[in-house]
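Asker: Here's a structure for you.
The values are calculated or read from the model by the stated rules, or taken from the named source; none is laboratory data. None of these values were measured; they are calculated from a predicted model. Cβ atoms come from the backbone with ideal geometry, glycine included; neighbour counts cover every protein chain shown. The protein model used for the area step is the full one, side chains on, heavy atoms only, and it has no ligands, DNA or RNA in it. Shrake-Rupley method; radii C 1.70, N 1.55, O 1.52, S 1.80 Å.
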Amino acid sequence: MTNRLELSGTIAKHPKRSQSPAGVPHCHFVLEHRSSQAEAGLPRQVYCYINVVVSGKGQQILTQDLAVGSNIKAGGFISWQTGRNGIGKLVLHADHIEKI
């Protein structure tokens, strides 16, 4: 099965760094996307706000220069994540980040 998402946008929340109990580094941030897309032959304004996580020692170099307002393209897989409060959200687990 295929699970791959690529999305461009602006970083909307400061990247937060953490480390799992197993020592795996993580960087969490929120990506905001706005664009105009064609649907049924008509233009449609599109907006989404998605949580992004980048995990692993080798991947942290991708996030070292990120800040609020940075324009990026991020690619990876998406997964459902339930927080401590029981509320679920869709998260992009990025393995590719490119500044644009």
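Asker: Can you tell me which residues in segment 82-100 are under 28 Å from MET1 (Cα atoms) and either surrounded by fewer than 10 Cβ atoms within 10 Å (Cβ to Cβ) or not charged (D, E, K, R) (or both)?
Answerer: THR82, GLY83, GLY86, ILE87, GLY88, LEU90, VAL91, LEU92, HIS93, ALA94, HIS96, ILE97
Asker: Right, here's the next one. Which condition does ASP65 not pass, out of (1) outside any strand (DSSP E or B); (2) in contact with a Ser or Thr (Cβ under 6 Å, 6 or more places away or on another chain), if it passes all the others?
Answerer: Every listed condition holds for ASP65 apart from (2).
Asker: Checking the conditions here, which among SER79, SER70 is open to solvent by less than 70 Å² (accessible area, probe 1.4 Å), touching a strand residue (DSSP E or B) at 6+ places or on another chain (Cβ under 7 Å) and over 18 Å from ALA12 (Cβ atoms)?
Answerer: SER79
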